[in-house]
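Peer 1: Here you go, one structure.
The values are calculated or read from the model by the stated rules, or taken from the named source; none is laboratory data. Because the structure is predicted, anything quoted here is derived from the model rather than measured. All Cβ positions, even for glycine, are placed from backbone atoms using ideal geometry, and neighbour counts span all protein chains on display. Ligands, DNA and RNA are excluded from the accessible area calculation, which covers all protein heavy atoms including side chains. Shrake-Rupley method; radii C 1.70, N 1.55, O 1.52, S 1.80 Å.
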Amino acid sequence: MAHSFFGGVHPKGYKELTREAPIQPLEPKIVSIAMSQHIGAPCQPLVSVGERVLVGQKIADGQGLCAPIHASVSGTVVAIEKRYYPSGWLMPSIVIESDGRNTLHPGIQKRTSIEGLTAEELIAIIREAGITGMGGAGFPTSVKLSSGLGKVDTVLINGAECEPYITSDDRLMRETPERIIGGIRVVQQILKPKRTVIGVEKNKPEAIESMRKALKKEAELLPLKVRYPQGAEKQLIQAVTKRRVPPGGLPAAVGCAVFNVATCAAIYDAVFDGMPLVRRAVTVTGKAIKNPSNFSAPIGTLFEDLVEAAGGFVSDPYKIFVGGPMMGIAQHTLETSTIKGNNALTCLSVADKHEVDNPHCIRCGKCVDVCPMRLMPTMLYKAQTKGDLEQLEKGNLLDCIECGSCAYTCPAGIELVHSFRTGKKLLRDAQAKEAKK
């Protein structure tokens, strides 16, 4: 039986829009692949304008905390220039015009067994495949695995997918459970945990049954209570193991490592099929979309191509998020392209609009009740508006997971998550300045 975690909310799911929509392959004519697909320094291009590239060919790499980037289509590099990035910034990108053939790079070779491969060899394969956390964090998976060696006794596989609207992981578990389980075996061979648990929210009965049928004795399958943000790393650990990650700590501090189901599928593809991370499942949904759908989209697919593939807009969108409405980032242009951590494009209509003129905190405390990290959002908001960095640090603002539970429950409609993101940047800038002294 899954335990609970502190706080959380129960937003309406809207998953019925795409729950029964199978993942369809999408083949755009152009991809724009950003040089930053992960937490860490951006990669540097390894190809030139005019060069022909093949699917799975490494086209960018870097040093340190980095994951290489590969061509997601075969075709010709037509530009290396700054293009729009999901954060709203401009990011150096490699633009490839597809030839429509999806010709594989000759270096892609299948493997039938991992018997005899060491943890270090498997981690090297995963690193070269450019795999990052696909639940949204974007942390290089090879680094997470390396840092967990000898420290992890429990591996958690995150299939909760608690964010409203999004069903890409649900469909992945229903359609290709063997890829996920194959990736889990690789993780187990690397980390050698005593316990492996797959957590899936109970509102995905078909996914639970699909995974149960495909499982042998690789892992426990644990249906979880439907409660947002059940899929957040620290909340999942608490719900499954009763362990609490300390403030500022990482899951390894309590002997845990968490991997998204899509990340596990990508690990399988890399280790057994030799295929780097060049595609991902993306949900395109919302009341503004004509035909809400799930796609297998090449990394670098433009948002405008995702919208077109889903039938276009039925009405002018009120707001477009990369991700879901709780943790997603609002977009100002559809010329932006997908990165490895993007699991959805959510397009809301005017009917979803919820704004308050001149919002003011009434100190009701509802945000405090629902914060899963046990923070004091009302105090942090006041400190951020005053630019009080000392109070932001004392209040553990950097522990905020930006889940949006506080903003969702706020009767005043205050944009709390935006405020906290701003506060985090101020804190990190101050810390970086201090470190240079």
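Peer 1: From largest to smallest, what semi-axes in whole angstrom does region 167-260 give when each is the square root of 5 times an eigenvalue of its alpha carbon gyration tensor?
Peer 2: 22, 17, 10
Peer 1: Turning to a different aspect of this structure: So how much slack lies between L65 and A253, counting 0.36 nm per residue of separation and subtracting their Cα-Cα distance, in nm?
Peer 2: Once the chain is fully extended between L65 and A253, it gains 65.7 nm.
Peer 1: Strictly over 27 Å apart at the Cα level, which of K58/K436; K366/K386; K58/K433; K353/K394; K12/K319 would you flag in this model?
Peer 2: Beyond 27 Å: K58/K436; K58/K433; K353/K394.
Peer 1: Counting only heavy atoms of protein chains, what accessible area per residue, in Å², does region 380-432 have with a probe of 1.4 Å?
Peer 2: I get 50 Å² per residue for this part.
Peer 1: Just by accessible area at a 1.4 angstrom probe, what is the order of L46, L145, L65 from largest to smallest?
Peer 2: Values: L46 100, L145 0, L65 60 Å².
Order by accessible area, largest first: L46, L65, L145.
Peer 1: From the P(r) of region 39-140, could you give the percentage of C-alpha pairs in the tail past 21 Å?
Peer 2: Numbers: 2208 of 5151 pairs.
Roughly 43 percent, once rounded to a whole number.
Peer 1: Net charge near I237: determine it from the other residues with C-beta under 11 Å of the C-beta of I237, scoring Lys and Arg +1 and Asp and Glu -1.
Peer 2: +3
Peer 1: Also: How many nm separate the modelled label positions at S146 and E335, each set 7 Å beyond the Cα in the direction of the Cβ?
Peer 2: About 3.7 nm, to one decimal.
Peer 1: If region 106-265 were replaced by its equivalent ellipsoid, with semi-axes equal to the square roots of 5 times the Cα gyration tensor eigenvalues, what would those be, largest first, whole Å?
Peer 2: In descending order, the three semi-axes are 23, 20, 14 Å.
Peer 1: Full extension from E175 to E27: what is 0.36 nm times the residue separation minus their Cα-Cα distance, to one decimal in nm?
Peer 2: Here the answer is 51.3 nm.
Peer 1: Per the 1.4 Å probe, what fraction of the accessible area of the chain, in percent, lies on carbon and sulfur atoms?
Peer 2: 53 percent
Peer 1: Right, here's the next one. Over the Cα atoms of the chain, what Rg and Dmax result, in angstrom?
Peer 2: Just the Cα atoms of the chain yield Rg and Dmax of 21.2, 64 Å.
Peer 1: How far is it, in nm, from the label point at V78 to the one at K194 when both lie 7 Å from their Cα along the line to the Cβ?
Peer 2: 5.7 nm
Peer 1: At 1.4 Å probe size, with no ligands or nucleic acids counted, give the accessible surface of H360 in Å², nearest ten.
Peer 2: Probe radius 1.4 Å; accessible area of H360 about 130 Å².
Peer 1: Also: Whole Å is fine, so just give me how far the alpha carbon centre of region 175-243 lies from that of region 369-383.
Peer 2: 30 Å
Peer 1: Continuing with the same structure: With a 1.4 Å probe and every protein chain left in place, work out the accessible area per residue of region 155-196 in Å², rounded to a whole number.
Peer 2: 28 Å²
Peer 1: May I pose another question? When only DSSP loop residues count, what trypsin sites (Lys or Arg not before Pro) in region 1-70 have their Cβ near at most 11 other Cβ atoms within 10 Å?
Peer 2: Qualifying residues, ordered by number: K12.
Peer 1: At a probe radius of 1.4 Å, what is the per-residue accessible area of K366, in Å² to the nearest 10?
Peer 2: Roughly 100 Å² of K366 is accessible to a 1.4 Å probe.
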